[in-house]
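Enquirer: Let me give you the structure first, and then I'll get to my questions.
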């Protein structure tokens, strides 16, 4: 009789532990996991270099354009020697931004996903202030 009760208690404990582990495992599988995207650094470097060279060549204005910085799959920043006090600075900034967008959609850059860059093109003046 005591053996029967011990057996029932043992089976009950086993079932409780088994069910608990099953539900814990289900919850762990359903919890959203952070998405970590691996970036191939060689591809990122090649893409950034291609973008910088294409934009530099396309703008073709070394007297006005300084550095071009590409934050991989995020943004493009065009540093200029424009003075923030110039009256036509906004117009000139918009022309540069439009030209960069045109360059991004060129056949030369078809191998690159340009979507992340299209709305994050910054043109900055010689003081580093964003113009556009």
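The values are calculated or read from the model by the stated rules, or taken from the named source; none is laboratory data. This structure is a prediction, so every number in the text was calculated from the model and none was measured. When we count neighbours, we look across all protein chains shown, and the Cβ atoms used for this are built from the backbone with ideal geometry, even at glycine.
Enquirer: State yes or no: is residue 25 at pLDDT 85 or above, over 22 Å from the mean Cα position of the chain (by Cα) and exposed (fewer than 12 other Cβ atoms within 10 Å of the Cβ)?
Expert: No, not satisfied.
Enquirer: Any chance you could count how many residues in the range 66-119 are surrounded by 12 or more Cβ atoms within 10 Å (Cβ to Cβ), touching a strand residue (DSSP E or B) at 6+ places or on another chain (Cβ under 6 Å) and within 27 Å of residue 43 (Cα to Cα)?
Expert: Summing the residues that are surrounded by 12 or more Cβ atoms within 10 Å (Cβ to Cβ), touching a strand residue (DSSP E or B) at 6+ places or on another chain (Cβ under 6 Å) and within 27 Å of residue 43 (Cα to Cα) in the range 66-119 gives 12.
Enquirer: Can you tell me which of (1) at pLDDT below 90; (2) surrounded by 10 or more Cβ atoms within 10 Å (Cβ to Cβ); (3) under 27 Å from residue 90 (Cα atoms) is the one residue 62 doesn't meet?
Expert: (2)
Enquirer: For the range 33-52, name all the residues that are at pLDDT 85 or above and out of contact with any strand residue (DSSP E or B) (no Cβ under 9 Å at 6 or more places or on another chain). If you could, list the steps in order and put the result at the bottom.
Expert: Initial filter on the range 33-52 (at pLDDT 85 or above): 41-52.
Hits for the range 33-52 are 41, 42, 43, 44, 45, 46, 50.
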